[in-house]
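J.: Could you have a look at this structure, given as structure tokens, before my questions?
The values are calculated or read from the model by the stated rules, or taken from the named source; none is laboratory data. The structure presented is a predicted model; accordingly, all values stated were derived computationally and were not measured. Cβ placement follows ideal geometry from the backbone for every residue including glycine, while neighbour counts extend to all protein chains displayed.
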Amino acid sequence: MNNKKYKKIICYLLCSVLAWTSVVPVNASQAEPADNINEADIRARYPHASIIHVAPENYLQLAESLRQQGYSIANKLPADAAQPTDEVTPPPYTPAATNDCGDRNQPSAGDESIRVMVDFSSDMMRSGNNGNRDAAAVVFVIIGTVLIVVWALYVFKYIYDVAAGFTPCGKWTDISLVRSAISSDTQQHADFFGLRYMTGFRDGATEFGISAEIGQSDILLADAGLPEMKGTYWFLGPVLRWRLSRSNNPSYFQMNFMAGSTEFEAMGTIAQANLGLQFGIGDGFKLGFSWGALNINLENTQGIVSERDQYYYLYGVNMGYQF
């Protein structure tokens, strides 16, 4: 009898243990909810997003922090903050204010550069000896007329834009050591050696400004009955150039016109007009070529050979570096 009683007690205890182990839940920290979001899927869906792990009790605090930063939650959180939303809507995009450059990638500060150049030009084809003066005069008039008219239009546009509140694109500066030589023979020559300063503003791809040059001249006009004149000369005039590329060291098509005189009363107006290409190489190196004409006008009735107005071709090369 006692054995039966003990067997019943043992069976009862064994059934109780088995029933208890079948209904007790595992540790909550080891359980994985059915709707758990896979982090790999999130990274695949938002490759540029930063993922942070937040405890459920901190969801409301995170939502408030995002709201203060200007974000809005796409779906409202449940009252118990059990499930966070994975879609955050950024504030509306407002384009940055632009000026008349039309280029947001290159700020105006990028135009605050200085180019130091060496410029040499000469009448290498001896136009004074082979009868090309008439053709040189045509080149001089065409370049000078086109340049002055177009330059004046850009100046008026710039004044209007500034009055209307538009921001200038940028400012540019060139400093050049220059030498120009016109020579027909040993008794007839004109040499100019000086320093040229050019500065101006940029309007889109167009740069316009003024150029000033001062230096020493050596002019000998034996046929005009004048002694050799060595002294100071000065030039002043407009300059135009168009960017051919959008790099930090762009290439240019350039037109330049300058007029001036010397310290001698016998000398009238001296003017030159030229155009050319300037190539940007690498980060700052510049290499250019120019072509134009020079006019020397005396106050008396004779020019450098026999006429009052004399025109000579100018062929030039320049090189330098942009800082």
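J.: Which one of these is assigned by TED's automatic domain parsing to the domain that holds residue 310, assigned to a strand (DSSP E or B), touching a strand residue (DSSP E or B) at 6+ places or on another chain (Cβ under 7 Å) and farther than 18 Å from residue 177 by Cβ: 260, 215, 209?
T.: Testing whether each residue is assigned by TED's automatic domain parsing to the domain that holds residue 310, assigned to a strand (DSSP E or B), touching a strand residue (DSSP E or B) at 6+ places or on another chain (Cβ under 7 Å) and farther than 18 Å from residue 177 by Cβ leaves just 209.
J.: Also, I was wondering about something else. Does residue 266 satisfy the condition of being in the same structural domain as residue 203 (by TED's automatic domain parsing) and in contact (Cβ under 8 Å) with a residue 40 or more places away in the chain?
T.: yes
J.: From the residues in region 116-131 that are surrounded by 15 or more Cβ atoms within 10 Å (Cβ to Cβ), more than 13 Å from residue 291 (Cβ to Cβ) and more than 32 Å from the chain's Cα centre (by Cα), which one is modelled with the lowest pLDDT?
T.: Ranking the qualifying residues of region 116-131, first place goes to 128.
J.: Right, something else. Modelled with pLDDT of 90 or more and under 22 Å from residue 297 (Cβ atoms) - does that describe any residue in region 180-190?
T.: yes
J.: Taking the conditions exactly as written (at negative phi, among the small types (Gly, Ala, Ser) and either part of a loop (DSSP other than H, G, I, E, B) or not assigned by TED's automatic domain parsing to the domain that holds residue 297 (or both)), does residue 180 satisfy them or not?
T.: The answer is no for residue 180.
J.: Given the structure, is residue 232 under 19 Å from the mean Cα position of the chain (by Cα) and on the phi < 0 side of the Ramachandran plot?
T.: No; evaluated as a whole, the condition is false for this residue.
J.: Are there any pairs, at least 6 apart or on different chains, whose C-beta atoms fall under 7 Å, with the first in region 35-49 and part of a loop (DSSP other than H, G, I, E, B) and the second at pLDDT 75 or above and surrounded by 10 or more Cβ atoms within 10 Å (Cβ to Cβ), and if so, which?
T.: Every condition considered, no pair remains.
J.: Sticking with this structure for a sec: When residue 136 is evaluated against the numbered criteria (1) assigned to a helix (DSSP H, G or I); (2) under 26 Å from residue 193 (Cβ atoms); (3) at pLDDT below 85, which criterion, by number, is the only one it fails?
T.: The one condition residue 136 does not meet is (3).
J.: A further question on this structure: Tell me, which residue of region 211-235 that is surrounded by 15 or more Cβ atoms within 10 Å (Cβ to Cβ) and aliphatic (A, V, I, L, M) is nearest to residue 259 (Cα to Cα)?
T.: Ranking the candidates gives 212 first.
J.: Mind telling me which of the residues 163, 152, 181 ends up being surrounded by fewer than 16 Cβ atoms within 10 Å (Cβ to Cβ) and closer than 23 Å to residue 271 by Cβ?
T.: 152
J.: While we're on this one: Restricting attention to region 178-194, which residues are in contact with an Asp or Glu (Cβ under 7 Å, 6 or more places away or on another chain) and not small (Gly, Ala, Ser)?
T.: Across region 178-194, the qualifying residues are 178, 182, 188, 191.
J.: So, one more: Just wondering, is there one or more residues in region 217-235 that are under 22 Å from residue 322 (Cα atoms) and either in contact with a Ser or Thr (Cβ under 9 Å, 6 or more places away or on another chain) or of a type in the set (Lys, Arg) (or both)? Steps first, answer last, please.
T.: Residues of region 217-235 under 22 Å from residue 322 (Cα atoms): none.
Checking region 217-235: not a single residue is under 22 Å from residue 322 (Cα atoms) and either in contact with a Ser or Thr (Cβ under 9 Å, 6 or more places away or on another chain) or of a type in the set (Lys, Arg) (or both).
J.: Quick one: what pairs do we get from region 225-253, first residue part of a loop (DSSP other than H, G, I, E, B), second among the basic types (Lys, Arg), C-beta under 6 Å, 6+ apart or different chains?
T.: Pairs that qualify, where the first residue is part of a loop (DSSP other than H, G, I, E, B) and the partner is among the basic types (Lys, Arg), are 250/243.
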